[in-house]
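Undergrad: A single structure is presented below for examination.
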Amino acid sequence: MGVAISRYSDISSNELLARFCSAEIICPNDPFWNQLLAFNIQLPNNTDEQLIFDSSAEALLQKFLQNNLQTGNLGSLVQVFITRATELLAAPNSDNVMLAWQTFNALFVIRAVSKYLVEIVPEYELCRHLDVNAVRSANGPVDVGDTGTPPPGQPSPETPDSPSPSTSIPTHAPETPVSPKLTASESRVEMLIDALIGIIIDVPVTDNTYYLHLECINTLLVLMSVYMFAGVHGQARLVETSLIYRTLFQGRYGMHAPLLVKTLLVNLSNMAPAPPSMFGTGTGDSLLVNLASGLWSMLRLGGGVRQTIYSQPALDRRELLDRLRREHGVANQSCLLLLALANHCMTQDNLYRNALLCCEDTAETSTTTPQRDSSGGAQVTPPRIDMAALHKALCATAGCEHSTLLLYLMLHSCKAYKRHITTVAHIEDLIVPILQVLYNAPDSNSHHIYMSLIVLLILTEDDSLIKNVHLIMLKNLTWYTERSISEISLGGLMVLVVVRALQYNMARVRDKYLHTNCLAAIANMSCEFRNLHPYVAQRIVSLFETLTKRRSRLCSEIEGGDINTLELPHHAEEKTEEIMDHIAVLDEVIRMLLEIINSCLTHQLPSNLNLVYALLHKRHLFNHQQHQHHHHIAQNIEMVIGYFSTRLQRVQEGAGGDLGVTEVLQCIKKGAEQWSSDRLKKFPDLKFRYVEEERPEEFFTPYVWGLISSCGGVYWASECGARAVGDLLC
């Protein structure tokens, strides 16, 4: 790549790259590597830039593919990277900019080549390219160490023997001194992964090492993406026999998984801003020019103070995701790598998932209990995390789909985080971004809507939370544009947005699981509804009216109408059966709405005068003759309507004319003071809990790789990449 590459088009004509991809064998100690790795290049920032980069490098990479199994140049480059990484880890000052720059450059080339191989060849071929070891003997001929070609239809071959490197890469944090020794049976794949994890854990994230950390994380994601491309190459999707996955997920990292999980969570929590200008982000000038440019940029920004998503929140979700990738790349990619590690082999003993879900809060004084690793050997201490800092990061990024998924994982399974949530002072910081996702349902991914609803459902399982949300008042909700609302409680807003999402689902998507989760979240809150905004009460009753009318119309069509004129969600051959199925769904939703209204009236009638007003305004909807199949529930609502209707009629007769809104509400208030809920039939409290389905990995693992592709900083711009993501999510 020369000393500088200012344009991607320069790649195809670069002499050093051409030599690397040629049939010439280049040993790890050749001075060539010092020349090759003295470059600066702008990292691809989006799919279009990645496509330009891939196109510019295509011819060279094809030559590489033809020659590398004879030259072993990629393996030599990996050895060069490992040597640089070892020096960086052993240096008294790991903030050595020159060393970090060279290590980064070596890794950038490794990632670019590995990404190409992952897309083009099966995983065992990728491992062959990394492991092949070409050595020139004294007599001149080339001896190529090869893994051999596996028989047709067989998984990746056994790991070949490789010469031990002169130095080993520690993959441990300072507080747990462990020095794994590399043996002759280890492959370069294992050595590379060791080095990547060692840097992530042991090298602090500074301006000088920021992009090296980002490259380490991205390279791990590229190596793990063999899962995503397994289907493209005709392999089993789970890649159980993958050398890469065996290296990461078996007992080898039993002691290190908690440290890696802790580091990735700290990266996310810190939300460190990317340096304004540094190697890998310069304009192609020399390193010294880039350093000077970076210093000047920091001075212009005021002594190095940079804007972050904390100090300057994004205006919408698209801007948030774009800024996360550009300005907080290490935090963004750490979240995605954590999801990839925690959502693979979920039904087995996943070291990373166990560490994530068992992590403790640094604010808690209780003693951490060590746990046995998967091999049953040494005890592993769960990582201690600053839950307040993690929660702040999740709140700031909750509008992004991958953050929502991590939030779900922590809420569903991490006891320490769930305990922290119960003590949070401003829970609206977490809930409002989730509500914005649901409010923008037509523009949101269906999986994102689904996960957002589940997050709300899990939150509403907390009795103290469903009480407190009605005490938190919100103002100036500029994103809610359907109607101007000057002030509303957080609880009222939750009901309003979920009802809107339910209406959208019933009209457009008609996904049974979505409306079930919507109703369950509202039902959990119903016994604590307090001072519902008039518009919220109106929307609840309006939804009931819409669904009741739709059911009546469908029944009429079956009894004698023309069913061919109906707009149905599917084009089934037997429309009558489809209509009956839809009526059954409507019956379920109508029943749940009646139960929600009944629960509110039973527990909190004096605190919900606006709901009583809305019921009286639409009293004809709740005639028991219309809901004979739900009569036992509707009977209570009829009794309430009858009680207040009688009082209103007497007041109206005394006034000699119609009453205004204020007068009606005053009458309802006085009636509520004399109302006794004892006259209502008692029903069990509505309480729903989210239960994860069996074999959750069938949903979550492909979903995570879809998120890595859409939300991450590694761009698979090729047609092969698009097909791989599509195959996973179909």
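Undergrad: Among all the aspartates and glutamates, which ones have a C-alpha under 14 Å from K262's C-alpha, if same-chain residues fewer than 8 places away are not counted?
TA: E175, D202, E360, D361, D386
Undergrad: Okay, next question. What are the equivalent ellipsoid semi-axes of segment 409-524, built from the alpha-carbon gyration tensor (square roots of five times its eigenvalues), in whole angstrom, biggest first?
TA: 22, 19, 12
Undergrad: Please list, in chain and number order, the residues 5+ apart from D361 or on another chain whose amide H is under 5 Å from its amide H, with Hs placed from the backbone.
TA: Result for D361 returns I385.
Undergrad: Can you list the residues, at least 5 places off or on another chain, whose amide H is less than 5 Å from the amide H of L474, using H built in the peptide plane?
TA: Amide H neighbours of L474: I488, S489, L490.
Undergrad: Modelled label-to-label distance, Q66 and S22, 7 Å Cα→beta-carbon offset: nm?
TA: 1.4 nm
Undergrad: Please work out how much accessible surface L465 shows to a 1.4 Å probe, ignoring ligands, DNA and RNA, in Å² rounded to 10.
TA: Spelled out: L465, probe radius 1.4 Å, area about 10 Å².
Undergrad: Highest first, please rank the peptides 30-36, 586-592 by the mean number of other Cβ atoms sitting within 10 Å of their residues.
TA: Details: 30-36: 16.0, 586-592: 18.3.
Taking the mean over residues of other Cβ atoms within 10 Å, the ranking is 586-592, 30-36.
Undergrad: Show me, bin by bin at 5 Å from 0, the whole-percent P(r) of segment 42-95 based on Cα pairs.
TA: Spelled out per bin, shortest first, that is 4, 16, 13, 13, 17, 17, 12, 6, 1.
Undergrad: I want to verify the translational diffusion coefficient of segment 4-78 in µm²/s; compute it with Stokes-Einstein, Rh as the Kirkwood radius over Cα pairs, at 10 °C and 1.306 mPa s. Don't skip to the end; give the middle numbers.
TA: Details: Rh = 13.1 Å.
So the translational diffusion coefficient is about 121 µm²/s.
Undergrad: Given R₀ = 22 Å, what would the calculated FRET efficiency be for R619 paired with E588, taking r from the Cβ atoms and rounding to 0.05? Each step should come with its number before you reach the end.
TA: Details: r = 24 Å, r/R0 = 1.08.
Calculated value: 0.40.
Undergrad: Next up: Mind checking which of F108, C27, F64 is farthest towards the positive end of segment 1-108's charge dipole, using Cβ charges of +1 (Lys, Arg) and -1 (Asp, Glu) about the Cα centre?
TA: Farthest towards the positive pole: C27.
Undergrad: Identify all lysines with a Cα-Cα distance to K618 below 23 Å; exclude those on the same chain that are fewer than 8 residues away in sequence.
TA: K549, K669, K670, K681
Undergrad: Tell me the Rg and the Dmax, in Å, that the Cα atoms of segment 493-559 produce.
TA: Using the Cα atoms of segment 493-559, the pair Rg, Dmax is 13.2, 42 Å.
Undergrad: Can you tell me the FRET efficiency between Q307 and N445 if r is taken as the Cβ-Cβ distance and R0 is 41 Å, rounded to the nearest 0.05?
TA: Numbers: r = 28 Å, r/R0 = 0.68.
The computed FRET efficiency comes out at 0.90.
The values are calculated or read from the model by the stated rules, or taken from the named source; none is laboratory data. Keep in mind it's a predicted model, so treat the numbers as computed, not measured. Don't worry about glycine lacking a Cβ; one is built from the backbone with ideal geometry, like all the others, and counts go over all protein chains shown. Keep in mind that these areas ignore ligands, DNA and RNA; they rest on the heavy atoms of the full protein, side chains included. Shrake-Rupley method; radii C 1.70, N 1.55, O 1.52, S 1.80 Å.
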